[in-house]
Amino acid sequence: MNRSLLAIAAHPDDIEFLMSGTMLHFREAGYELHYLNLSSGNLGSQDHDEDETAQMRADEARAAALLLGATWHPPFLHDLEIFYDIHAIRHLSGLIREIQPSLILTHSLEDYMEDHTCTARLAVTAAFSRGMKNFRTHPERPIHEGEVAVYHAQPHMNRDAMGKIIRPALFVDVGTVMDTREKALAVHRSQQSWLDASQGMDSYLSTMRDNAREVGQLSGRFEYAEGWRPHSRVGFCSADFDPFRDLPAPILLRQAEALQGTDLTQTLD
């Protein structure tokens, strides 16, 4: 098995908000990390034009990826232009064939924003097409015949578009890596004023901590956690293929174990 992880998110800073703690644990387990935002983040500023914003956010994302120990891959789409179309599928499938990951982390299929849900759909289809010899990628790449597991992160603010809380199937304790998560997110300095203005986040760093604390509460065990739900294995890997088994047992909690404790859903709502 190729011990390689590819994180696929929509915008610069999404990986830091939702996936970075799990990535750090996989790095410690010997995995090679890859970091991809589909969008340049070109609309994420009140003070700069699109080109300036895209360049600034690319610089920030590169620095964050370096801090996480991941290889940064350049975006090929723009904000509000992440669509489920053949152009995006061919490009993303080509990258998956090039990297040949055994694990893909991506957004939830239910989220408040279409950029996030379209990214999740693109990641799923691109991974599914990795071994199809007659499917042309851009650029063209040899097929990837290995197994790959696809996992979906928590939606932003841990709720779907209708405000319903989403309970993960798998919890990863990120308490020991919270400082590194925060440092990686803080690299995205351009987002402080933008998130304050566009989404009412007084501090994006404290928001990240609050989100992780809420997932920890759902686990009933961890103070801070990231949550994951596995995509169907059909077409991707065998039923027992699970790279999360490579992580130390004390930092993992499966849903069945979490449900043995107090159900905190009503409290969180």
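The values are calculated or read from the model by the stated rules, or taken from the named source; none is laboratory data. As the structure is a prediction and not an experimental result, all values here were calculated from the model. Here Cβ is always computed from backbone atoms with ideal geometry, including for glycine, and neighbour counts include all displayed protein chains.
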Residue pairs qualifying under the 9 Å Cβ cut-off, at least six apart or on distinct chains, with the first in the range 133-155 being farther than 24 Å from residue 238 by Cβ and in contact (Cβ under 8 Å) with a residue 40 or more places away in the chain and the second being of a type in the set (Gly, Ala, Ser) and assigned to a loop (DSSP other than H, G, I, E, B), are 154/108; 155/108; 155/161
Anything in the range 149-169 that is assigned to a helix (DSSP H, G or I) and touching an Asp or Glu at 6+ places or on another chain (Cβ under 8 Å)? List them, or say none. 156, 158
Yes or no: the range 68-89 includes at least one residue that is surrounded by 21 or more Cβ atoms within 10 Å (Cβ to Cβ), more than 29 Å from residue 145 (Cα to Cα), in contact with an Asp or Glu (Cβ under 6 Å, 6 or more places away or on another chain) and in contact (Cβ under 8 Å) with a residue 12 or more places away in the chain. no
Here are some conditions: (1) aliphatic (A, V, I, L, M); (2) modelled with pLDDT under 95; (3) under 23 Å from residue 110 (Cα atoms). Residue 187 meets all but one. Which one does it not meet? (3)
Subset of the range 124-148 (residues that are part of a helix (DSSP H, G or I) and in contact with a helix residue (DSSP H, G or I) (Cβ under 7 Å, 6 or more places away or on another chain)): 125, 126, 127, 129, 130
Give the range 215-267 a look and list any residue that's outside any loop (DSSP other than H, G, I, E, B), modelled with pLDDT under 95 and of a type outside the set (A, V, I, L, M, F, W, C), or say none. 254, 255, 257, 265, 266, 267
Hey, residue 128 in contact with a Gly (Cβ under 9 Å, 6 or more places away or on another chain) and surrounded by fewer than 21 Cβ atoms within 10 Å (Cβ to Cβ) or not: yes
Can you name every residue in the range 170-187 that is surrounded by 21 or more Cβ atoms within 10 Å (Cβ to Cβ), among the β-branched types (Val, Ile, Thr) and part of a helix (DSSP H, G or I)? 177
